[in-house]
1. Hey, what did region 41-168 get for relative contact order, percent, Cα under 8 Å, at least 6 apart?
2. Each residue of region 249-260 in turn: what ³J(HN,Hα) in whole Hz from Karplus with 6.51, -1.76, 1.60 and θ = phi - 60°, glycine and Pro shown as x?
3. How much FRET efficiency would the formula 1/(1 + (r/R0)^6) give for E273 and D93, where r is the Cβ-Cβ distance and R0 is 45 Å, rounded to 0.05?
4. Across the chain, how many lysine pairs separated by 8 or more positions, or lying on different chains, have Cα atoms within less than 14 Å?
5. Evaluate the charge dipole of the chain about its Cα centre and quote only its size in Debye, nearest 20, assuming +1 on the Cβ of each Lys and Arg and -1 on the Cβ of each Asp and Glu.
6. State the antiparallel share, in %, of DSSP beta bridges confined to the chain, rounding to the nearest 5.
7. Taking the inverse of the average 1/r across all pairs of different Cα atoms in region 180-297, what Kirkwood radius in Å do you get?
8. Measuring from a point 7 Å past the Cα of L253 along Cα-to-C-beta, which residues in region 185-217 have an amide N at less than 12 Å?
Amino acid sequence: MKNKKNGSRSMGVRRTMRRRFFLGHGLCCLMALTCFTSQAAAAPVRIYILTDLEGASGVYKFDQTREPGHPLGETAKEYLMGDIAAVVKGLRDAHVDEIVVVDGHGSQAFVPHLMAPGAVYITGKPRPGLMPGLDASFTGLIQLGAHAMMGTPDGVLCHTQSSRPENRYWYNGVESGELAQVAAIAGHYGVPTIMATGDEATCREATTFFGPHCVTVPVKRGLAREAAALYPFEETRQALYEGARRAVAAIKLCRPYTLAVPIQARKEYLVFEGPEKKSRRITKEGTIDDVLKLFEF
Ligand SMILES: [Zn+2]
């Protein structure tokens, strides 16, 4: 595992700004000096947010997520942007130095004019990997708008990677959804998953895989795959804002999620054959030597 928290140029600029601020006020008391020293010693807090659409507030059916250009999809994207804005604001108010938000939904879901300030937003395909730029310099990962793994009875829009062929994955004998897959990539760089948002089932799954210190914020409760008890946006956004602040406070308690290599992997999926498109279940088994190649299996 590589060590994280490198210095950076932006940190140097921030340090200089802080220094100027305190010198300008004449270092009026010892408290200010102590505060300055401790801040200058701290590494910048950099948060990487990977988003998905299925776990956003107000999203509960595939018409909202599958077809690019569908009117319901366009409003669903706006719902996601509202959730992102609440989390970004919470992180900013918790004095996070840098925030990168990445569009992780297959058909892409960002609405640029709704970007909350204080972060950069990465979208578009093809691009170099699911999580471009993620490395050991990040302090924590947030999985925002996530969904539960395929087969979760109360998981709203639950799936793992591909929803139509009903893909399922096992690593070292443990069935894993997208939450664990993404966390394992981040874990390779020593970056812990500090927060997960989605439905109640997603939050339960996050706690199972990442432990109790990973902050979870449910924005709905699933009744079936395409039915949910939705929580009002005013309430979910407030909870997301507060959750982000709590997640920053709890970073030090979170541990990276890692998979031991070589990974014993199994994948199950459906193929549809013949004029009636009858489904047949296929099982693939093998080993994965490098966690960064997880998505190639
Ligand atoms: Zn997904």
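1. 34
2. 5, 9, 3, 4, 8, 7, 10, x, 8, 10, 10, 6
3. Efficiency, from the Cβ-Cβ distance: 0.25.
4. Working: K4/K252; K5/K252; K61/K77; K61/K220; K267/K284.
Within the chain, the lysine pair count is 5.
5. Numbers: 36 positive and 30 negative charges, 232 e Å.
In total the dipole reaches around 1120 debye.
6. Values: 22 of 44 bridges.
Percent antiparallel among DSSP bridges in the chain is about 50.
7. One over the average 1/r among Cα pairs gives 16.8 Å for region 180-297.
8. 211-216
Where a number appears in this text, it was derived from the coordinates with a stated rule and is not lab data. Keep in mind that what you see is a predicted model, and the values were worked out from it rather than measured. Cβ sites come from the backbone with ideal geometry, for glycine too, and all protein chains shown count toward neighbours.
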